[in-house]
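J.: Here you go, one structure.
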């Protein structure tokens with residue numbers, strides 16, 4: 001009987017050694033499982049030597065039944081233990097493979113996405129180029145025929161004035177006025193589209209100096225007028241200097257234009273620093289406007305006044321809005337008919353940002 | 001075509017006949033268009049300035065006092081004409097004035113980079129246009145001292 005127990009132990013230990021050895025492939029732990037397999041194999045050899053002695057020397061070999069039974073139990077436990085540990089490693093390996101697969105998938109998706117972004121970007125660039133080419137030809141090709149219309153009407157007036165009666169001359173004058181208006185419209189549309197496309201610079205802009213420069217530039221509009229200008233404290237701001245200049249050119253031109261019918265036209269320019277933004281304003285005591293139309297004021301080519309009374313194409317405030325919006329700010333207006341208007345624009349305080 | 005090309009004062013490079021007529025008219029009013037040659041594209045302008053093709057019998061060493069150059073031209077673009085003129089020793093001294101409808105910043109920048117002597121964008125209103133052109137003519141023909149020719 002003891003020979004049977006011994007044989008069973010040997011067989012089980014052999015199986016355990018083989019199983020441990022096979023775990024090397026599953027886990028990749030060559031040394032750990034190699035040592036265990038070797039240890040078990042040595043135990044197997046030792047048992048085999050005992051069995052050899054027992055068979056060769058017969059009863060002269062004193063066998064310890066209890067020790068052999070314990071050895072058998074150990075062998076059984078070893079087989080069960082190794083058998084149970086295998087699935088754990090198998091699932092670990094599966095998880096690893098899954099992760100690798102997922103990573104690969106993520107990588108392909110990322111590559112696909114990048115390719116798509118590149119494609120879209122180049123499409124956008126192409127569209128932008130096309131738009132630029134379009135506005136280029138608008139600026140060049142639309143002006144020439146206009147100049148021809150204006151030029152030849154003028155030549156007609158000059159060389160054939162004897163053959164034209166007053167009504168004929170007036171009609172040619174209408175042609176010329178409209179030509180000039182259309183020229184202005186083309187310029188304004190181009191400027192409007194440019195403010196949307198041009199890249200925004202970000203420098204510290206001395207608003208006080210900017211406003212004084214602009215007023216100096218516009219002095220031809222105020223010559224001979226009793227206009228009073230009051231400039232409050234204007235804090236510097238971060239933004240695009242040329243574009244912010246355009247904002248003040250448009251706002252001050254409007255203020256001068258709409259207040260010039262007053263006995264004492266007055267314009268006020270000021271600012272107030274709030275927690276997150278700085279609010280600038282341009283105030284005039286001009287003809288004002290009806291507050292219920294204030295949302296229309298900032299649309300392109302919207303006019304609240306009659307063309308005959310105040311010249312202009314109606315693009316000025318739309319450009320202001322576009323520039324301020326591109327700076328991350330907002331615009332609004334306050335006013336009353338015949339009681340002046342105030343245009344406000346707020347720019348974010350960028351100094352505090354961690355950009 | 002070649003009559004009087006020996007002593008040309010103004011070379012007008014303009015493809016649009018109405019613009020050319022308005023321009024010549026404005027110059028004529030000030031008696032500035034007597035020695036004017038009008039060419040209709042960039043290739044012809046280069047032929048004139050370098051005395052090649054139909055202008056082969058011209059003398060390169062007596063250049064016009066000023067070249068009025070439009071930018072958008074058929075065959076050879078105005079910018080290319082400017083580049084070639086300013087790249088050649090013989091023609092570099094010739095004053096070139098770009099007279100164009102374009103107000104694009106990049107055209108202005110590019111022209112100056114190539115060495116243009118003046119850049120003028122044509123006003124749409126004829127009165128302003130006529131005034132600009134005649135002032136331009138007076139300045140380059142009478143006020144400005146042209147480069148000394150090797151004549």
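Any read-out appearing in this document is the output of simple, stated calculations on the displayed coordinates, not a laboratory observation. Being a predicted model, the structure only gives us computed values, none of them experimental. Cβ: placed from backbone, ideal geometry, glycine included. Neighbour counts: every protein chain shown.
J.: So what's the back-of-envelope 222 nm ellipticity for chain B, counting only DSSP H runs of four-plus at -39500 (n - 2.57) apiece and dividing by all residues, rounded to 500?
T.: Value at 222 nm, helices only, nearest 500: -10500 deg cm²/dmol.
J.: Ok, one more. Give me the distance in nm between label points sitting 7 Å out from Cα along the Cα-to-Cβ direction at residue B:21 and residue A:204, one decimal.
T.: 5.9
J.: Just counting partner chain Cβ atoms within 10 Å, what average do the residues of peptide A:128-141 show around their Cβ?
T.: 2
J.: Shielding by partners for B:105-113, please: the mean number of other protein chain Cβ atoms within 10 Å of each residue's Cβ.
T.: The shielding value for this peptide is 1.
J.: Starting from the Cα of residue A:296, step 7 Å along the direction of its Cβ; do the same at residue A:334; then give the gap between the two resulting points in nm.
T.: 2.3
J.: Can you compute the label reach from residue B:60? Point 7 Å from Cα along the Cβ direction, backbone N cut-off under 14 Å, restricted to segment B:86-100.
T.: B:86-94
J.: For chain A, find the longest principal axis of its Cα atoms and tell me its angle to the long axis of helix A:2-27, 0 to 90°, nearest 10.
T.: The angle comes out at about 20 degrees.
J.: Could you give the radius of gyration (one decimal) and Dmax (whole number) of the Cα atoms in segment B:10-143, in Å?
T.: 13.8, 39
J.: Once R0 is set to 60 Å, what does the formula 1/(1 + (r/R0)^6) return for the Cβ-Cβ distance between residue B:138 and residue A:114, expressed as a FRET efficiency to the nearest 0.05?
T.: Once the sixth-power term is evaluated, E becomes 0.50.
J.: Reported to two decimal places, what Rg/Rh ratio describes segment A:91-189 when computed on Cα atoms with Rh from the Kirkwood expression?
T.: Rg/Rh for segment A:91-189 comes to 1.64.
J.: Let me ask you something else. Could you grab the relative contact order for chain A? Cα pairs under 8 Å, six or more apart, rounded to a whole percent.
T.: Relative contact order of chain A: 11 percent.
J.: Give the average, rounded to an integer, of partner chain Cβ atoms located within 10 angstrom of each Cβ in B:125-134.
T.: 4
J.: Hey, what angle do you get for helix A:207-217 against the long axis of chain A, alpha-carbon based, 0 to 90 degrees rounded to 10?
T.: Approximately 30 degrees, to the nearest ten.
J.: Another question, then. Please compute the volume of the convex hull spanned by the alpha-carbon atoms of segment A:142-197 and report it per residue in Å³.
T.: 53
J.: Here's another thing I want to ask about it. Where does helix A:241-259 land angle-wise versus the long Cα axis of chain A, in degrees 0 to 90, nearest 10?
T.: 40
J.: Cut-off is 10 Å between beta-carbons; in what order do A:280, A:344 appear when sorted fewest neighbours first?
T.: Least to most surrounded, the residues fall as A:344, A:280.
J.: Between A:81, A:288, A:329, which gets the highest mean-square fluctuation from a Gaussian network model of chain A, Cα cutoff 10 Å?
T.: Highest fluctuation among the options: A:81.
J.: How high is the FRET efficiency between residue A:107 and residue B:28 when r is their beta carbon distance and R₀ equals 51 Å, given to the nearest 0.05?
T.: The calculated FRET efficiency here is 0.10.
J.: Continuing with the same structure: Looking at segment A:44-142, I'd like the Rg to Rh ratio, where Rg is from alpha-carbon atoms and Rh is Kirkwood's inverse mean 1/r.
T.: Reported Rg/Rh (Cα atoms, Kirkwood Rh): 1.78.
J.: Counting residues in chain A as N, plug N into 2.2 N^0.38 Å and put the Cα Rg over that result.
T.: The reported ratio for this selection is 2.23.
J.: What FRET efficiency, computed as 1/(1 + (r/R0)^6) with R0 = 25 Å and r the Cβ-Cβ distance, is obtained for residue A:162 and residue B:131, rounded to the nearest 0.05?
T.: 0.55
J.: Taking only the alpha-carbon positions of segment A:213-285 and ignoring solvent, what does the Debye formula give for the base-10 log of I(q)/I(0) at q = 0.12, 0.18, 0.27 Å⁻¹?
T.: Taken in order of the listed q values, log10 I(q)/I(0) reads -0.34, -0.73, -1.35.
J.: With springs only between Cα atoms under 10 Å, which of A:29, A:334, A:119 fluctuates most in a Gaussian network model of chain A?
T.: Top of the fluctuation ranking is A:29.
J.: In nm, give the distance between the simple-model label positions of residue A:276 and residue A:230, each being 7 Å from the Cα along the Cα-to-Cβ direction.
T.: 3.1
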